[in-house]
Each structure stands twice: as C-alpha cells, then as structure tokens.
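Asks: Please see the structure below; I have some questions.
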Amino acid sequence: MTRIVAISGSRREASTTKTALRVALAAAADAGAETDLIDLGTVDLPLYHPDEDDQGDSERLKRRVREADGVLAGTPVYRGSYSSTFKNFHDFCGSHEYEDTAVGLLATAGGGSYGGTLEHLRSTFRNVHAWVVPHEVGIRGASSEIDDDGRIPDDDLRGRTERLGRVVTEHAERLRG
C-alpha cells in the first residue's frame, strides 16, 4: 500500500496548516493510501546539531518520512518563508529520507502572500532529491478560509487541497512502481 505522511510545520494547537493537511490526507486515503501526520508542534525535536546523531525524536521521525512513498509538507508563512519549526525538522532530513519520494507543498498565510514560501520549500526539497509535484496549495487569509470544525467551506479551495492529496498519492504510486 502507498504510504503518505503529512508534516505540519506549525506549533499552534488550532493550526490552519494542520487542518488543511488533514483535508489533503483524507483525499489521499480516499485514493487508497495509508496516511500519517507528523505534528511538529507535539514532538521532542531540539535544534539541529550536525555533530549529534540522535536528538530527541529525530530518528523516529526521520524513519516515518523514509518509509513514506509520498510527503505532504505544510507550513505557515512566517516572514515570507517557512516556519523555523519546519526548517529545524527539514535540517534533520536529507536525500536518504526524500530520494524518489513524491512531495506536495502547502502554505497557509495569515495575509495574502505565500509564493515565496512555496518557492523556498520547492528549492529545499529538490536539493534533497525529492520529486516535488507541480500542484501546490497556498491559502491566503487561512484563518478565514478554514472553519472551527476543520473544514474548508470554499469549494474551489477545498478541491485544490484535496487534489494535492490525490496528486501526491498518484505520483508516489508511480515512483514505487
């Protein structure tokens, strides 16, 4: 079975990033994938140190990514880029975790700009030999677009988010074959 893991780079308990990733994961599950969510706000992950091999939950989390066929990478937009929480986890992972892995990108913005964040993510994932799918999702004014019940009421936005889960699953299946 194709395995898809989502990585939420938000530390907020009521995170719009995590909620949007759950919508994409549900679509991946509907497409036949086994799904998993890594909530970086709930794990023990100290600042990356290149001279230390195992730090906190790093090995367990890297294994979950390594064992996945596809990854949904989500982050809130901070200062025009991705969160420091996501960056820290991303520093732990390399080509061993992402090579031949389909990756879909998702960014949630408090305001209107998410393009730079998606560009930064795309560049860093390509640097570790991930296969970044062309479809990506940016959500402007995310707190207004995602309701308290974890739904995306706007049909177009929900459809694009669900499509991300399906596209990553389809490409992950191709890469496995």
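The values are calculated or read from the model by the stated rules, or taken from the named source; none is laboratory data. None of these values were measured; they are calculated from a predicted model. Cβ coordinates were reconstructed from backbone atoms using ideal geometry, including for glycine residues, and neighbour counts include every protein chain displayed. The accessibility values were calculated without ligands, DNA or RNA, using every heavy atom of the protein model including side chains. Shrake-Rupley method; radii C 1.70, N 1.55, O 1.52, S 1.80 Å.
Asks: What trypsin sites (Lys or Arg not before Pro) does the stretch 108-177 have in DSSP loop regions with at most 15 other beta carbons within 10 Å?
Replies: Within the stretch 108-177, the qualifying trypsin sites (Lys or Arg not before Pro) (loop, at most 15 other Cβ atoms within 10 Å) are ARG151.
Asks: In the stretch 70-98, which residues have a backbone nitrogen under 17 Å from the label point lying 7 Å from LEU47's Cα in the Cα-to-Cβ direction?
Replies: Only 83-92 fall inside the zone, counting backbone N under 17 Å.
Asks: For the stretch 1-84, which GluC sites (Glu not before Pro) are in a loop by DSSP, counting at most 15 other Cβ atoms within 10 Å?
Replies: GLU13, GLU52, GLU67
Asks: While we're on this one: Which value in nm describes the separation of the simple spin-label points at ARG163 and VAL128, placed 7 Å from the Cα toward the beta carbon?
Replies: Placing both labels 7 Å beyond Cα along the Cβ direction yields 2.7 nm.
Asks: Between ASP36 and ASP156, what length in nm is gained on full extension when 0.36 nm per residue of separation is reduced by their alpha carbon distance?
Replies: Result for the pair: 40.7 nm of gain on full extension.
Asks: Now for a separate question. Which of the trypsin sites (Lys or Arg not before Pro) across the stretch 61-102 are loop residues per DSSP, with 12 or fewer other Cβ within 10 Å?
Replies: Taking the stretch 61-102 and a limit of 12 other Cβ atoms within 10 Å, the loop trypsin sites (Lys or Arg not before Pro) found are ARG79.
Asks: Taking Cα pairs under 8 Å and at least six residues apart, what relative contact order does the stretch 75-177 come out at, in percent?
Replies: With pairs under 8 Å counted, the relative contact order is 29 percent.
Asks: Could you state the accessible area per residue of the chain in Å², with a 1.4 Å probe and every protein chain left in place?
Replies: 49
Asks: Something else: Once neighbouring chains are kept in place and the probe is 1.4 Å, which whole percent of the accessible area of the stretch 1-70 is contributed by carbon and sulfur?
Replies: Its accessible area is 41 percent carbon and sulfur atoms.
Asks: Ok, one more. For the stretch 83-148 and the stretch 1-55, what is the separation of their Cα centres, given in Å?
Replies: That distance is 11 Å.
Asks: Here is a further query. State log₁₀ I(q)/I(0) for the chain at q = 0.17 Å⁻¹ as given by the Debye formula over alpha-carbon point scatterers of equal weight, solvent excluded.
Replies: Result of the Debye calculation: -1.00.
Asks: What percentage of the solvent-accessible surface of the stretch 75-177, computed with a 1.4 Å probe over protein heavy atoms, is contributed by carbon and sulfur atoms?
Replies: 40
Asks: Treat each spin label as a single point 7 Å out from the Cα along the C-beta direction, and report the ASP100 to HIS135 distance in nm.
Replies: Computed distance between label sites ASP100 and HIS135 equals 2.4 nm.
Asks: Report relative contact order for the chain in percent, whole number only (criteria: Cα-Cα under 8 Å, sequence separation at least 6).
Replies: 28 percent.
Asks: Pull out the extension gain between GLN55 and SER84, defined as 0.36 nm times the separation in residues minus the alpha carbon to alpha carbon distance; nm, one decimal.
Replies: 8.7 nm
Asks: Still on this structure, I have one more. Quick one: 3J(HN,Hα) in Hz for the stretch 97-111, Karplus 6.51/-1.76/1.60 with θ = phi - 60°, rounded, Gly and Pro as x.
Replies: 7, 10, 4, 6, 10, 6, 10, x, 10, 9, 10, 10, 10, x, x
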